[in-house]
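Inspection log for the structure reproduced underneath, given as structure tokens.
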Ligand SMILES: [Zn+2]
């Protein structure tokens, strides 16, 4: 994929996340792989509404070095780790979507109840990575481990990470995870009553 095309895609995806209510303000980030060593990722600390494709940052996922003066998302390490370990994955989205975050706060794995959801999420259970501070090696390693056998993972007290062969697949995973988590939360409520 060409850099310019990737920058357009990532910029639009950032805005789409906000539009669909999967993130609030600048929280969350999106990347796409453009080669065996490079990705394009959303910048650090910018409001998604003001983003232009030129604000997207090219990063080498082996050296973590970026091109240009704009800083990449502070959570780039997790994206890099996934591209290094999952060669068929070409898009990564990190969100703070509501229902998945509720389950993530409880540090519980999600049992995916519907077969249709399992298919998109790539597993019957979506794992929750144990709590770790943002941007640390621990959260990177634990989250990458939690997503090893599926297309999504929860990050305790933080949010979720969703991956796909294409950006559109990663979005489908994020939306489906939200549905699956809502069903799971509701099923727990019924048991409690
Ligand atoms: Zn985050």
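The numbers here are math on the coordinates, done by the rules we state, and not lab data. Just so we're clear, the structure is a prediction, and the values are computed from it rather than from any experiment.
Think of it as helices only: each DSSP H run of n ≥ 4 in the chain is worth -39500 (n - 2.57), and spread over all residues that comes to -13000 deg cm²/dmol at 222 nm. Relative to the longest principal axis of the Cα atoms of the chain, the long axis of helix 3-19 lies at roughly 40 degrees.
Using the empirical formula 2.2 N^0.38 Å as the baseline, the Cα radius of gyration of the chain reaches a ratio of 0.97. Any idea how far the Cα center of the range 1-54 sits from the one of the range 58-118, in Å? Here the two parts' Cα centres lie 13 Å apart.
Stretched out straight at 0.36 nm per residue, the stretch from residue 135 to residue 114 would grow longer than its current Cα-Cα span by 4.3 nm. In the chain, the longest principal axis of the Cα atoms and the axis of helix 167-192 are about 20 degrees apart. Please give the helix 76-85 orientation as an angle from the longest Cα principal axis of the chain, in degrees from 0 to 90, rounded to the nearest 10. So the inclination is approximately 80 degrees.
Result for the chain in a Gaussian network model with C-alpha springs under 10 Å: among 113, 58, 154, the largest mean-square fluctuation is at 113.
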